[in-house]
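Some notes on the structure that comes next.
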Amino acid sequence: MNLRTARVPQIANEYKGVIRAHFIMSAKDGPGEEKWLHSATFLDFERLTVHPHVVKELASRMAKRVVEWGVRASAVIGPERGATTLSCLVALELGELWGTEVLAIPAEKNGRGGYRIHPRNLHHIENRAFVAIDDIVTRGTAMRQCVAAGIAAGARPIGAVTCWDRSGEATPRAMGVSRFSALCTDKVKTMTIAECQSMGPCREGMEIRPDYGHGAEYIKEGKILKAKFAQR
């Protein structure tokens with residue numbers, strides 16, 4: 001595989017970032033009142049971060065997308081852990097393209113379901129223009145919260161970019177920015193329980209993976225419901 005010309009799904013498959021099994025996704029990931037959604041595919045880009053040359057290639061592509069916007073940023077903000085390495089490399093690539101330093105500022109979980117910029121970094125980000133990045137956009141929650149965290153810290157977003165838009169339907173408005181770009185917009189299918197039972201991993205009797213997505217919560221909830229039913 002030629003890393004320079006390969007599409008993101010090819011790269012993710014080659015480096016084991018695409019996992020095929022039985023996964024449970026968040027309820028907000030899909031339509032209607034369905035609480036949980038099922039999927040036969042999970043994207044784990046953390047598996048790619050052990051290969052620096054792979055992350056560098058993806059970061060280079062993301063930086064070029066930002067440069068195409070024709071506006072400059074002096075900082076990159078990404079959610080901690082999931083996009084920490086990617087954020088640093090995108091900032092480095094932008095700095096080299098623009099000939100000036102671009103800061104990499106992590107957004108950390110605030111303990112209330114959102115993200116914040118740590119107080120020690122507030123003086124770094126205040127009054128700067130920034131790009132929000134993430135490796136994968138599913139619902140876009142983390143990216144939106146990173147944008148909000150940057151704004152709350154006194155910075156101004158110029159746009160957001162991701163490696164893979166899993167929904168295939170993300171828009172600038174949905175991300176809370178004026179510009180949005182994804183290296184890949186291939187939709188990864190999710191199913192309701194009825195769909196899963198008729199044509200998915202439920203029908204095949206595949207066990208749910210508790211170590212990815214919301215599998216552990218789903219299994220725990222099922223056990224609680226069974227216990228309550230048994231007590232009746």
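The values are calculated or read from the model by the stated rules, or taken from the named source; none is laboratory data. Model, not experiment: these values are computed from the prediction. All Cβ positions, even for glycine, are placed from backbone atoms using ideal geometry, and neighbour counts span all protein chains on display. What goes into the accessible areas is simple: the full protein's heavy atoms, side chains included, and nothing from ligands, DNA or RNA. Shrake-Rupley method; radii C 1.70, N 1.55, O 1.52, S 1.80 Å.
Points worth noting:
- For the range 151-194, the Rg and Dmax computed from alpha carbons only, in angstrom: 13.5, 46
- Here the range 1-142 has 47 percent of its accessible surface on carbon and sulfur atoms, given a 1.4 Å probe and all protein chains in place.
- Take every DSSP beta bridge whose two residues both sit in the chain; close to 35 percent of them are antiparallel.
- Spread of Cα-to-Cα distances over 5 Å intervals beginning at zero, given as percent, for the chain: 1, 7, 13, 17, 17, 15, 11, 8, 5, 3, 1, 1, 0, 0
- Modelled spin-label separation between Arg139 and Glu108, with each label point placed 7 Å from Cα along the Cα-to-Cβ direction: 2.4 nm.
- Measuring between alpha carbons in the structure, the pairs from Lys16/Lys223; Lys16/Lys109; Lys35/Lys189; Lys109/Lys187; Lys187/Lys223; Lys16/Lys187 lying more than 24 angstrom apart are Lys16/Lys223; Lys16/Lys109; Lys109/Lys187; Lys187/Lys223.
- Neighbour net charge for Thr185 - beta-carbon separation under 13 angstrom, K R +1, D E -1: +1
- Solvent-accessible heavy-atom area per residue, rounded to whole Å², over the chain at 1.4 Å: 53 Å²
- The gain in end-to-end length when the Gln10 to Ala174 segment is fully stretched comes to 56.4 nm, 0.36 nm per residue minus the alpha carbon separation.
- Helical content of the chain, expressed as a calculated mean residue ellipticity at 222 nm, amounts to -10500 deg cm²/dmol (DSSP H runs of 4 or more residues, -39,500 (n - 2.57) each, divided by residue number, nearest 500).
- Judged by a Cβ-Cβ distance under 4.7 Å, the unpaired cysteines of the chain are Cys88, Cys146, Cys163, Cys184.
- One chain, two ends: Arg203 and Ile19. Fully extended at 0.36 nm per residue, the span grows by 64.4 nm beyond their Cα-Cα distance.
- Calculated FRET value between Asn2 and Lys64, using beta carbons and R₀ = 22 Å, to 0.05: 0.80
- Between Ser26, Ser181, Ser198, the Gaussian network model of the chain with springs among Cα atoms under 10 angstrom shows the greatest mean-square fluctuation at Ser198.
- Additional length obtainable on full extension of the chain from Arg72 to Thr41, 0.36 nm per residue less Cα span: 7.6 nm
- Highest average packing first - 1-11, 208-218, Cβ atoms within 10 Å: 208-218, 1-11
- Computed from Cα atoms, the angle from the helix 141-152 axis to the main principal axis of the chain rounds to 40 degrees.
- For the peptides 35-47, 94-106, residues were scored by their other Cβ atoms within 10 Å and the scores averaged per peptide; the highest-first order is 35-47, 94-106.
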